Amino acid sequence: MPLVKSTRVRQRSFRQSSGVPKRGAPRSAVPSAQATPTAPPQPTRRPKTHPVTWAVAAIVIPILGWDVWQSGRESKLPPMPVSVKFRPAVSEPGFVLMFENTSHQPLTLVARLEHPAVRDMKKIGLYVGPNAHVDVDKVSGWVPKSGDRITLENSDFKTWSGSIP
């Protein structure tokens with residue numbers, strides 16, 4: 001008997017191999033991941049900014065701007081021409097602070113003295129003549145002790161900070 005292939009078999013194998021569906025719409029109308037174009041994004045509603053957020057921003061941004069300006073300004077200033085020394089007090093326990101002006105012009109300083117252990121602070125205005133010194137002891141209302149922090153400020157010079165060991 002001769003071998004003859006049926007046309008039905010050929011059609012079936014053709015349909016299966018070509019990718020044409022057996023029933024229904026053509027493949028181009030069938031949705032697939034490759035055939036469908038990307039859908040346009042849906043417009044999303046952005047939440048409105050709360051008025052308190054605007055108020056805080058209106059306060060914080062100028063403060064940060066001023067701080068940056070002040071930091072840049074202070075970094076360009078010359079160092080403070082003051083030598084800070086201390087010696088033991090003679091009459092009582094504690095120290096005597098000595099602020100010595102090493103320049104040839106008089107200086108007005110604001111000295112901030114702090115006892116960090118007891119959270120006590122005092123500001124003292126000082127006038128130091130050219131090549132002179134000023135002592136701060138109990139007579140000035142402050143008894144310097146070990147661990148005290150000292151900060152000297154003058155608008156024409158960088159701020160000086162130190163402590164008593």
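Every read-out reported here was derived from the displayed coordinates using simple, explicitly stated rules and does not represent laboratory data. Everything numeric here is computed off the predicted structure, so don't read it as measured data. Every residue, glycine as well, gets a Cβ built from its backbone with ideal geometry; the counts of neighbours run over all protein chains shown.
The trypsin sites (Lys or Arg not before Pro) found in region 49-115 that occupy coil by DSSP, while having at most 11 further C-beta atoms within 10 Å, are Lys76.
Between amide H atoms placed 1.01 Å from N, distances below 5 Å from Lys158 occur with Met80, all of them 5 or more places distant or on a separate chain.
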